[in-house]
Every structure is written in structure tokens, then in C-alpha cells.
Amino acid sequence: MKLALLLLPLVAMATGVTCQKPNIVIMLADDVGWADVERHDPEMRTPNVERLAQRGMFLNQSYVQPTCAPTRSALLTGRWPYTYGMQVNQIKGARLAWLDENLKLFPATLKELGYTTHMIGKWHLGFCNRALLPTSRGFDTFYGFYSGAQGYFNHSGDSPHAYDFRDNDEVVWSARGHYSTELHTARAQRIIREHGDHHRPFFLYMAYQNAHAPFEAPQSYVDRYCSHVQNETRRIHCAMVAAMDESIGNITDTLEAEGYTNNTIILFLSDNGGPTVGGSSNYPLRGQKASLWEGGTRSFTLLAGPTLRHSNVTYDGLIHAVDWYPTLVQAAGGAPPRGLDGQAMWSSLQIRGPSLRNKMIYNIDDKHRRSALRWGQWKLLKGQPASKKLGWYPPASLLERGIPWEEVPRRRVPRWQLFDIQADPEERHNVYRNRRNRRVVRLLKRDLRRYTRKLRPYVEAPRSDRGNPRWTGGVYSPGWCDL
């Protein structure tokens, strides 16, 4: 028996198997659309995203929520946002809104498994009370901003405007005038270099600001990567995405230089579809950010890791943001907490096996009276899937080459729609009234009624003058709400 135990490490070395927990890096892009990467629009320049895809797999049916904060909450809680009142993004400036403080987040579970946990970039899950801050919800360190949007150079947050850049509790005034993506990248590289202990795993949550409004990028990125883009709006958007791509390259290069590549899982995804008003595109998918169309909810997603058996492949299984919490806990050798809505899929992803998810809730939005549900190939929509922009929007440069802009007047969108996403991923053919689909419609409506019973109703979050930054030196700060 003793001899067998002594031989186990040698067997592991010989077979390439390691018992060491993997490092985990999540790179979350902001408002980067389906056609905002080189793979889907050759005019874009994202060589490091493509290099990551070649190392791992492209997830062709990876879904998120239609807007920023709901996706972040789904990712970090493993639960459908509509069940805890996050079906609509309300976390803005001095509003009394936050992610339910009673929900246990992904980094807290990883800490229990022995991980050090670090967050960089956009938090956007509430900050009016210190108990809501990243370092109170499972992260050892935080370097970034609390709000949902800010200037890339002046770091002024949204409504009312205020400075918003922190290193843990400290305000980083020296960040003024420096491009946030470059600052965030430098901190990520520093964390990796200073980690030191290869026997203790780390989790890095890199929540990029790119390519959310305002539309700003250093001229150097325009000149190096995007000067060939004729449309000015698309050119700036291209530069913002290129800045993110360069950051991805710098971080992955640092992981390699420090000897972590062979034991690090990297997940890259976008938080929602791109907003077409800002030079983004989700073409040929329908719709944009804030819609329940595929263009608002289907996320360009990549996964790379040392134990994935296949590389440079496409995975067509269904997966949602809620699944990443249990999936990555499983990858770390832990047991996902009970009660999560997400499915633990690491075992399936490793071998490129069938997805464990067959049903999915796009959203149940009682404010806008719209919902969408998926069952296998079928997608049922109820209500107007978007407040505006119901059509298909190619990149601006393609429009200039004659590809048509296809808008759909709101009055022509029926209350109920059914699409076969496998055969019709662009959602062009509503088959709701097809008699052959009556059973599918009946079952999906039944499921929608059942899921709606778990809805926490939308309540408009009021603004609080106590949260006005004029009381705290012009800086977004916690301490103005009770939980």
C-alpha cells in the first residue's frame, strides 16, 4: 500500500495528469458584439483573441443576459437574474440598487477551495454600502471602478458624474489622463508576476471596460490596427476592441512567461450583444444590446485550458452565463453550492461532449413585458423583444459596400414568435402559427408560466441624494445606504 502511494506522483507525471488546482482567468468584454472580432468581420483586428481560439474552443451557442449588470450577476451567482430582481439593469450612479447581498458569489466559493481572488475593471453590482464592494464579496483585491460606465481617460462615472477609480479602498487620482485598459492590464500582469506560489491557485476576473461608451481610444490603436476602416464610428470601435485584444495578448504572454499557461483555464466572453449605435455589429444575428434577439444575447465566447482534449474546435452545445460558476468550481475540484440554476459542465466541455443544458431562460422582464425561453432548437418570444431596433445591422463598412440595412417596424412584430434557432439562427422565419409546432408552443408556454412563478417583480430603484458624489469630494464612494 505504501509503495502504491509513493508511485502515484510518478504515474501522474508520466501520464501528464496533475492534481494541482488550475488557475482561472475570466476575461469579460463589455458591449463587444458577435461581429466585432476578426473571426466574424475580417476588417477587425483581434489576433490574440484568435490565438486563444486556436488554443481552445469557440462556443457557438454561449448566451448571456441582454445588458451589463444582469450578465455580471448571472456569471457570479450562477442564478437566473429575474429570480432576484436583476432582470433589468438599474445599477446606475446614485440609485438605490445592488446585487442581493445574501447571494454567495463565485470568488467566495473559490476562496474556500484555497484560491487567491482578484478583480480588475468594471464592478457594476452596487457600491452604496461597504458590504456590497468586491472585497466584501469574495475578492482579495480590487482595482477598477464601481459604476457601469466612465470615461477611459478622465475616469468620470455616470449620472451624476464623479471620479471612479479605486485600488481596493484607495482613490487612484494618478490614473487621470491614462487609458484605463492599459492601467488594468498592467495591474493584471503585476498580480500574475507577484503571485509566486505555484502551489496555490489564483482567480483573476478581468472585467474589461472595452468597448462600452464613451467611444474613446488612443490614436496609436487607430493608427496601428484600424486606419483601414473607412467608417469613422466603426474605426474608433475597432480601435477600442484592438486595445482589448492587445491586453489579452499581454496577459496571456505574462502567464506563459511566469510558467502558468499549462495550468490555467481562460474564459473569454462578452457581457451582451453590441450596441449598433456605437459602431458595433452582431451581424448576421438579429438585434443588438438590450434585446432578446440572438444579437443581444449570444456571446462570442472562447474557452482554453490544459485538460481540454481538443483545440481549435467549435463547441455547439448550449451554455449560459449561469453555468460558468458551477462549471469552473467543478474544474477546480470542488462541489458547486446547492440551489444554483447553472449546470456543471466541465466534464462535458473537456471531451467536447453533449451539453447538459437543454432549456434556457433568455430573460423574464416584467418591466418591458417581454420574455424568451429556449428548449433545444426552439426559441419562444413573448412581447416586443426590444424597445427599438428590431432588424439586422451589418457593420457600417459593409453598409457602405452595399449590404442592406434591414429594419423591421415595431407594428409588424407579433406578440408571440417561435424560431427554430438550429435552422434559422438569424430569426427570419417566425413559425409560431405553423400547425406542426402546436405541441412545441404549448410546452414552451407551460414552462414559461412555471418559470415566471419564481420572478421577483421589478421595482423602480429611487435615486438618493445621499449618494451624490458632491458629499464625498467628487468621488463615487460607499456608505450611503442601509441593507
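The values are calculated or read from the model by the stated rules, or taken from the named source; none is laboratory data. Keep in mind that what you see is a predicted model, and the values were worked out from it rather than measured. Glycine gets a Cβ as well: all are built from the backbone with ideal geometry, and neighbour counts include every protein chain shown.
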Is it fair to say Asn272 is within 30 Å of Arg187 (Cα to Cα), under 17 Å from the mean Cα position of the chain (by Cα) and touching a residue at least 24 places away in the same chain (Cβ under 8 Å)? yes
Going through Leu292, Leu349, Leu303, Leu328 one at a time, which residue ends up being of a type outside the set (Asp, Glu), part of a strand (DSSP E or B) and either in contact (Cβ under 8 Å) with a residue 24 or more places away in the chain or surrounded by 24 or more Cβ atoms within 10 Å (Cβ to Cβ) (or both)? Leu303
Whichever residue in the range 115-174 is among the acidic types (Asp, Glu) and part of a loop (DSSP other than H, G, I, E, B) and, among such residues, is surrounded by the most Cβ atoms within 10 Å (Cβ to Cβ): Asp164
Go through (1) touching a residue at least 12 places away in the same chain (Cβ under 8 Å); (2) of a type outside the set (Phe, Trp, Tyr); (3) surrounded by fewer than 24 Cβ atoms within 10 Å (Cβ to Cβ) and name the single condition Pro42 misses. (1)
Listed by first then second residue, the pairs whose first member lies in the range 20-35 and is in a loop (DSSP other than H, G, I, E, B), whose partner is acidic (Asp, Glu), with beta carbons under 9 Å and at least 6 positions apart or on separate chains, are Asp30/Asp271; Asp31/Asp271; Val32/Asp271; Trp34/Glu294; Ala35/Asp41
Tyr451 in contact (Cβ under 8 Å) with a residue 12 or more places away in the chain and part of a loop (DSSP other than H, G, I, E, B): no
Scan the range 62-77 and give yes if some residue there is without any contact (Cβ under 8 Å) to a residue 60 or more places away in the chain and hydroxyl-bearing (Ser, Thr, Tyr), otherwise no. yes
Which condition number in (1) at negative phi; (2) surrounded by fewer than 18 Cβ atoms within 10 Å (Cβ to Cβ) is the one that Gly259 fails? (1)
For Glu460, work out the one condition from (1) modelled with pLDDT of 95 or more; (2) assigned to a loop (DSSP other than H, G, I, E, B) it doesn't fulfil. (1)
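Rundown of residues vs (1) under 30 Å from Arg137 (Cα atoms); (2) basic (Lys, Arg); (3) surrounded by fewer than 23 Cβ atoms within 10 Å (Cβ to Cβ); (4) free of Cβ contacts under 8 Å to residues at least 60 places away in the same chain, yes/no style:
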site: Ala186; (1), (2), (3), (4): yes, no, yes, yes
site: Arg190; (1), (2), (3), (4): yes, yes, yes, yes
site: Glu194; (1), (2), (3), (4): yes, no, yes, yes
site: Asp197; (1), (2), (3), (4): yes, no, yes, yes
site: Phe203; (1), (2), (3), (4): yes, no, no, no
site: Met206; (1), (2), (3), (4): yes, no, no, no
site: Asn210; (1), (2), (3), (4): yes, no, no, no
site: Ala217; (1), (2), (3), (4): no, no, no, no
site: Val222; (1), (2), (3), (4): no, no, yes, yes
Output yes when any residue across the range 158-166 is over 21 Å from Met86 (Cβ atoms), at pLDDT below 95 and in contact with a strand residue (DSSP E or B) (Cβ under 7 Å, 6 or more places away or on another chain), and no when none is. yes
